[in-house]
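Chemist: Submitted below is the structure of interest, expressed as structure tokens.
The values are calculated or read from the model by the stated rules, or taken from the named source; none is laboratory data. Given the structure is predicted, the values throughout are model-derived calculations rather than measurements. Reconstructed Cβ throughout: ideal geometry from the backbone, glycine too, with neighbour counts over all protein chains shown. The protein model used for the area step is the full one, side chains on, heavy atoms only, and it has no ligands, DNA or RNA in it. Shrake-Rupley method; radii C 1.70, N 1.55, O 1.52, S 1.80 Å.
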Amino acid sequence: EAGVVQSPRYKIIEKKQPVAFWCNPISGHNTLYWYRQNLGQGPELLIRYENEEAVDDSQLPKDRFSAERLKGVDSTLKIQPAELGDSAVYLCASSLDLTGSTEAFFGQGTRLTVV
Amino acid sequence: KQEVTQIPAALSVPEGENLVLNCSFTDSAIYNLQWFRQDPGKGLTSLLLIQSSQREQTSGRLNASLDKSSGRSTLYIAASQPGDSATYLCAVDDYKLSFGAGTTVTVRA
């Protein structure tokens, strides 16, 4: 069974440009998370979906970040415009159960560099 | 807001020694606690999941304990090997999956 798939793996863009990341969760997983991880730190939650509904986006900088999960499957995270401080690894994760009682599985991440 | 702390931040041991990694959290109202491994430049690999009703969970050389009332979990890795060198992260699921900053482990051959 395929794990969580993210693309691209790496992205280098100039500041003020837009960028988008894509995530395909494990088949059948209801819950999908987007995290941002800065160097030497643990991942920080940006947004959490249950099926197609964003149930926690309190940490998403909504002035420049947006996300969607169409049909409760794949998800896209967008930044427009990107700033130097957005350089980080963006991780997507999914889990099966809505009650929080099952394992979360992570993708390989997208390393974003803003220059 | 849930705060997750991992001590120590880094650990270096000779091969064969047992590893003890600590994780503490401030809000005990959690569904579960999960330990992950992260290799440089890679994503997170799930090691163990402990449900809130469990006291410990074992997988091979790994054993994790959970004391929810005191807000603590410990990951034990027996007979460490150089291949165990990585960063180990704990995450508590209180509907949010909050992470500590991790413990970076180096096992010297």
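Chemist: So if each residue of separation counts as 0.36 nm, and I subtract the Cα-Cα distance between A:THR113 and A:GLU14, what length gain in nm does that give?
Modeler: Separation in residues times 0.36 nm, less the Cα-Cα distance, equals 34.8 nm.
Chemist: State, to one decimal in nm, how far the label point of A:LYS78 lies from the label point of A:SER27, with both points 7 Å from Cα in the Cβ direction.
Modeler: 2.9
Chemist: Further question: What is the set of long-range amide H partners of A:THR113 at a cut-off below 5 Å, with H atoms built 1.01 Å from backbone N?
Modeler: Result for A:THR113 returns A:LYS11, A:ILE12, A:ILE13.
Chemist: Same structure, new question: Viscosity 1.306 mPa s, temperature 10 °C: what is the translational diffusion coefficient of the range A:50-115 from Stokes-Einstein with a Kirkwood Rh over Cα pairs, rounded to a whole number of µm²/s?
Modeler: 118
Chemist: Which whole-Hz ³J(HN,Hα) couplings does the range B:36-53 yield from phi under the Karplus relation 6.51 cos²θ - 1.76 cosθ + 1.60, θ = phi - 60°, glycine and proline marked x?
Modeler: Calculated HN-Hα couplings, in order: 10, 10, 10, 8, x, x, 10, x, 9, 10, 6, 9, 8, 10, 10, 6, 4, 7 Hz.
Chemist: Can you list the trypsin sites (Lys or Arg not before Pro) in the range B:1-80 that are in a DSSP coil and have 14 or fewer other beta carbons within 10 angstrom?
Modeler: B:LYS1, B:LYS42, B:ARG55, B:ARG61
Chemist: For the protein assembly as shown, count the residues as N, evaluate 2.2 N^0.38 Å, and divide the Cα radius of gyration by that value, please.
Modeler: Dividing the Cα radius of gyration by 2.2 N^0.38 Å gives 1.01.
Chemist: Right, next: Looking at chain B as a GNM with Cα springs under 10 Å, which of B:GLY71, B:GLY41, B:GLY16 has the largest mean-square fluctuation?
Modeler: For chain B, modelled as a Gaussian network with Cα springs under 10 Å, the answer is B:GLY41.
Chemist: Quick check for me: using +1 on Lys/Arg Cβ and -1 on Asp/Glu Cβ, what's the dipole size of the range A:55-115 about its Cα centre, in debye to the nearest 20?
Modeler: 180
Chemist: Quick check: residue separation of B:THR58 and B:ALA10 times 0.36 nm, minus the Cα distance between them. What number comes out in nm?
Modeler: 15.0 nm
Chemist: Still on this structure: Dipole of chain B, Cα-centred, from +1 at each Lys and Arg C-beta and -1 at each Asp and Glu C-beta, to the nearest 20 debye?
Modeler: My answer is approximately 80 debye.
Chemist: Ignoring any ligand, DNA or RNA, what whole percent of the accessible area of chain A comes from carbon and sulfur when the probe is 1.4 angstrom?
Modeler: 50
Chemist: Then there's this: Suppose R0 equals 41 Å; then what is the FRET efficiency for A:ASP63 and A:VAL5 from their Cβ-Cβ distance, rounded to the nearest 0.05?
Modeler: After rounding to 0.05, the efficiency reads 0.90.
Chemist: Show me you know the interface measure: the accessible area buried between B and A, both chains summed, probe 1.4 Å, in Å² to the nearest 100.
Modeler: Looking at B and A, the buried total is near 1700 Å².
Chemist: Next question. Could you tell me the center-to-center distance, by alpha carbons, between the range B:25-83 and the range A:28-99 in angstrom?
Modeler: Cα centres, the range B:25-83 to the range A:28-99: 23 Å.
Chemist: Largest first, what is the accessible-area ranking of B:SER69, A:SER7 with a 1.4 Å probe?
Modeler: B:SER69, A:SER7
Chemist: Counting only Cα, what are the radius of gyration and maximum Cα-Cα distance Dmax of chain B, in Å?
Modeler: 13.2, 41
Chemist: Further question: Please list A:LYS71, B:LYS96, A:LYS11 in order of solvent-accessible area, largest first, computed with a 1.4 Å probe with all protein chains present.
Modeler: Accessible-area ranking of A:LYS71, B:LYS96, A:LYS11, largest first: A:LYS71, A:LYS11, B:LYS96.
Chemist: Right, another one. Taking H as built 1.01 Å from N, whose amide H comes closer than 5 Å to the amide H of B:THR106, not counting residues under 5 places away?
Modeler: Correct list: B:LEU11, B:SER12, B:VAL13.
Chemist: A follow-up question, please. Springs between alpha-carbon pairs under 10 angstrom, Gaussian network model over chain A: which of A:GLU103, A:GLU53, A:GLU44 fluctuates most?
Modeler: A:GLU103
Chemist: First obtain the Kirkwood hydrodynamic radius of chain A from its Cα pairs, then insert it into the Stokes-Einstein equation at 10 °C and 1.306 mPa s, and state the resulting D in µm² per second as a whole number.
Modeler: It diffuses with D of about 113 µm²/s by this estimate.
Chemist: What is the calculated FRET efficiency for B:SER70 to A:LEU70, with r their C-beta to C-beta distance and R₀ = 30 Å, to the nearest 0.05?
Modeler: 0.10
Chemist: When we measure straight from the Cα of B:LYS68, which lysines land under 21 angstrom away, once same-chain ones fewer than 8 places off are left out?
Modeler: Within reach: B:LYS1, B:LYS96.
Chemist: Straight distance only, please: which lysines reach the Cα of A:LYS11 with their own Cα at less than 24 Å, same-chain residues fewer than 8 apart left out?
Modeler: A:LYS62, A:LYS78, B:LYS42
Chemist: Got a sec to turn the phi values of the range B:8-15 into Karplus ³J(HN,Hα) couplings, 6.51 cos²θ - 1.76 cosθ + 1.60 with θ = phi - 60°, whole Hz, x for Gly and Pro?
Modeler: My calculation for the range B:8-15 gives x, 6, 8, 8, 10, 9, x, 3 Hz in order.
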